[in-house]
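A.B. asks: Before I ask anything, let me first share the structure, which is written out below as structure tokens.
The values are calculated or read from the model by the stated rules, or taken from the named source; none is laboratory data. Source: prediction; values computed, not measured. Don't worry about glycine lacking a Cβ; one is built from the backbone with ideal geometry, like all the others, and counts go over all protein chains shown.
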Amino acid sequence: MQDAKANTVSAAAQVTAIENLIAGLQVQVQETQAAAEKSASELEVAQQEFDDATRRAEDIQTQADTSKATADAATRQAGQLAAQLYRTGGTDLSVNLFLEGEGDGADADLLLAKLGNMSKLVERSSDVYESAQSATNNAQSLGDQAKVAQAERETLRVAAEAALAAAQTAAEAAANALADSEAKSVELEQQLQFMLDAQATTTAGYEAGVAERARIEAARVAAEAAERAAAAAAAAAAARAGSGGSGGSGGSMSKTGWAVPASGRITGGYGPRAVICNGGDCSGSFHYATDLGTGCGAPIYAAHAGVVTWAGRLGTYGNFVKISHGDNVSTGYAHIRNGGYNVSVGQSVSAGQVIASSGDTGAANGCHLHFEVWIGGNRINPVPFMADRGASLG
């Protein structure tokens, strides 16, 4: 009996030690998760600045090309006028003036008038050319500056991605350590409970108690699973009814292996739009996504098979999931409701698999899916991309 009591005291001490360790790890998990979310927000800002710099560089290059075309046209016009002047006058014009001077002077005056008009044309052509050439030089200079700014933004974006990856790794390591410690704590607590029960009752009685607890837990887990399944089915039915038949069939698979990410019509397209603010989060003035009106709690489906690279809070996205599909292609799903994740980072998913449920977290007005398509570091228009793969949106 004394040995049993000593073992019980030792087990209790181990439980206390592991509980203290868990408390410290919980703080570490919170800190690393906060750092990861901060890095994610910084990446979002860097991505926005990179996209804006890319569009500015393209606009300025278009201006430079237009000015160069004007300068080239002015150059050709000046050359044509010079050739015409040579053909109609040149060195022979002085002779014509001398010969005509022997007459009544009218013809000479006419030649002088032609010469003056020709000189004015040449002068105007020269002015047009110089102005166009100056505009070309200025636009090209601005274009060079824009490209430098674009390169700098790309460097910052890549650095932000690296910082986010490091922060995610730290957060995952802390979470894994916490999970291991919690598992060890459960094991030690079970051992301690066994020792305490052994002092008061027989081993058979303890095993019966363990079996009863296991049965109750299994029943609880089964009941929760049934409740979640019923809620998901009800949400899906509500989303189908709310879409009025105008939206695509969420989760339906195309022959190319791509699926519509949610049911519902398109409520927001890719391009410029008014800034949206909600709870202190404000969107940008350019919408790099397509919005699908799903209704609250509707299922969100993986557009293609891949690996989850992000599942958490991300600035104006609110709750966000990002999936890498290989070949430098990724998709993003924003404004997920709180508690609406069905996947985690590192998990492999299949096309059409339910990954989350829709909400209005982040910079959103009403429940909907904000759907993005990434090619490398650039966000492109999802509508033609998905249509090309047989999974039309809306």
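A.B. asks: Can you go through Ala364, Ala334 and tell me which one is buried (at least 19 other Cβ atoms within 10 Å of the Cβ) and not in a strand (DSSP E or B)?
C.D. replies: Working: Ala334 fails: not in a strand (DSSP E or B).
Answer to the selection: Ala364.
A.B. asks: Another question, then. Could you say which residue among Asn328, Asn342 is touching a residue at least 12 places away in the same chain (Cβ under 8 Å), within 23 Å of Gly377 (Cα to Cα) and not assigned by TED's automatic domain parsing to the domain that holds Glu37? Steps first, answer last, please.
C.D. replies: Working: Asn342 fails: within 23 Å of Gly377 (Cα to Cα).
Among Asn328, Asn342, only Asn328 is touching a residue at least 12 places away in the same chain (Cβ under 8 Å), within 23 Å of Gly377 (Cα to Cα) and not assigned by TED's automatic domain parsing to the domain that holds Glu37.
A.B. asks: Does Gly352 meet the test of being in a loop (DSSP other than H, G, I, E, B) and within 24 Å of Ala171 (Cβ to Cβ)?
C.D. replies: Details: in a loop (DSSP other than H, G, I, E, B): yes; within 24 Å of Ala171 (Cβ to Cβ): no.
When the stated conditions are applied, Gly352 does not pass them.
A.B. asks: What's the total number of residues in region 340-394 that are among the hydrophobic types (A, V, I, L, M, F, W, C), out of contact with any Leu (no Cβ under 7 Å at 6 or more places or on another chain) and under 22 Å from Cys282 (Cα atoms)?
C.D. replies: Filtering region 340-394 for residues among the hydrophobic types (A, V, I, L, M, F, W, C) gives 343, 345, 349, 351, 354-356, 363-364, 367, 369, 371, 373-375, 380, 383, 385-387, 391, 393.
Subsequent filtering for residues that are out of contact with any Leu (no Cβ under 7 Å at 6 or more places or on another chain) retains 343, 345, 349, 351, 354-356, 363-364, 367, 373-375, 380, 385, 387, 391.
Going one step further and asking which of them are under 22 Å from Cys282 (Cα atoms), we end up with 363-364, 367, 373-374, 380.
Number satisfying all stated conditions: 6.
A.B. asks: Here's another thing I want to ask about it. Please go through region 154-199 and pick out each residue that is more than 26 Å from Gln347 (Cα to Cα), under 20 Å from the mean Cα position of the chain (by Cα) and of a type in the set (A, V, I, L, M).
C.D. replies: Leu156
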